[in-house]
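First up is the structure itself, then whatever we jot down about it.
Here, each number is a calculation from the coordinates, and none is a lab measurement. Fair warning: this is a prediction, and the values are worked out from it, not measured in the lab. Here the Cβ positions follow ideal geometry from the backbone for every residue, glycine too, while neighbour counts run over all protein chains shown.
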Amino acid sequence: MNVKQRNTRAAKMKKKWVDLRTQFWPNVETEDLWNRKEHDGFTTLPRTIPYLLQIMDDLADKGKPVSSVYLSLWCRVFDESVLEIKSVEQMAFESGFSGQRAVTTWKQRMKKLEELRFISSNAGASGEYSFVLIYNPYKIIIEHNNSGNIQQAKFNSLYARAQEIGAIDLLTESN
């Protein structure tokens with residue numbers, strides 16, 4: 001699909017969704033809605049993030065999910081895939097951990113994400129996780145799938161959703 005075709009398709013889809021919104025919610029004002037193009041403080045998420053997070057939790061130790069930590073990292077990263085962590089306490093809180101063991105628990109989950117190869121870290125002023133690199137999760141999940149570490153039904157569901165949305169990086173890597 002070339003740029004012109006992509007733009008034409010995007011315009012058609014936008015019209016479809018605006019028409020549906022107007023039909024089903026006629027009294028909603030545009031300013032009551034979040035528009036990523038008009039407001040600061042947004043991030044881009046893969047449309048497959050629910051599948052990715054479930055698979056990550058399955059790969060982690062039983063009863064020690066990593067998805068909330070990964071999501072908090074993703075919400076801070078920019079297109080360069082690198083982020084600087086200035087407060088581990090804040091990151092632990094954002095990940096849903098509280099109490100005396102919040103930071104310890106967060107660090108354990110970070111270690112697991114690194115062991116699973118979803119992230120890489122370097123030390124700095126805030127400790128061992130001051131700088132974090134986030135890898136393309138599709139590539140990492142494909143590696144785990146090729147090693148037989150992922151439930152086939154979950155990988156198949158991810159693959160089908162990726163196909164539905166045109167996430168070609170997953171589709172081309174897994175073939």
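Work out, step by step, the length gained on full extension between M13 and V77: first 0.36 nm times the residue separation, then minus their alpha carbon distance; give nm to one decimal. The partial results should precede the final answer.
Working: separation 64, 0.36 × 64 = 23.04 nm, distance 2.78 nm.
So the extension gain works out to 20.3 nm.
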Response to the item:
For the chain, the charge dipole (Cβ of Lys, Arg +1; Cβ of Asp, Glu -1; about the Cα centre) points to a positive end, and the Cα of V18, S126, L53 closest to that extreme belongs to V18
Worksheet entry | Likely footprinting exposure, V3, V82, fewest C-beta neighbours within 10 Å first | V3, V82
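Can you give the helix-only mean residue ellipticity at 222 nm for the chain, where every DSSP H stretch with n ≥ 4 adds -39500 (n - 2.57) and the sum goes over all residues, rounded to the nearest 500 deg cm²/dmol? Provide the component values of the computation, followed by the final result.
Values: 8 runs with 93 residues, N = 175.
Helix-only estimate at 222 nm: -16500 deg cm²/dmol.
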Discussion item. Using a Cα-Cα cut-off of under 29 Å, which lysines could be cross-linked to K12, ignoring same-chain neighbours fewer than 8 residues away?
Written reply: K4, K37
Worksheet item: Helix 102-115: angle to the longest alpha-carbon principal axis of the chain, degrees 0 to 90, nearest 10?
Response: 80 degrees
Worksheet entry | Rounded tilt (10° steps) of 49-59 against the dominant C-alpha axis of the chain | 20 degrees
Worksheet entry | trypsin sites (Lys or Arg not before Pro) restricted to the stretch 79-169 and DSSP loop, no more than 15 other C-beta within 10 Å | K86, R101, R117
Worksheet, complete the sentence: By Cβ neighbour count within 10 Å, fewest first, D58, D40 rank D40, D58
Response to the item:
Taking Cα atoms only, helix 137-146 is inclined relative to the longest principal axis of the chain by an angle, in degrees rounded to 10, of 70 degrees
Worksheet item: In the stretch 138-157, which residues have a backbone nitrogen under 14 Å from the label point lying 7 Å from R117's Cα in the Cα-to-Cβ direction?
Response: 138-150
Worksheet, complete the sentence: Rounded to the nearest 0.05, FRET efficiency between Q108 and D40 (Cβ-Cβ, R0 35 Å) equals 0.60
Discussion item. Checking the table K62/K111; K64/K111; K64/K86; K16/K154; K64/K139 against a 19 Å threshold on Cα-Cα, which pairs fail?
Written reply: K64/K86; K16/K154; K64/K139
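Can you sort D169, D57, D32 so the residue with the fewest Cβ neighbours within 10 Å comes first? Write down the numbers at each step before the final one.
Numbers: D169 14, D57 17, D32 8.
So the ranking, lowest neighbour count to highest, is D32, D169, D57.
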Practice prompt. Once you have the Cα-Cα distance between D61 and K139, take 0.36 nm times their residue separation minus that, and quote the gain in nm to one decimal.
Written response: 26.0 nm
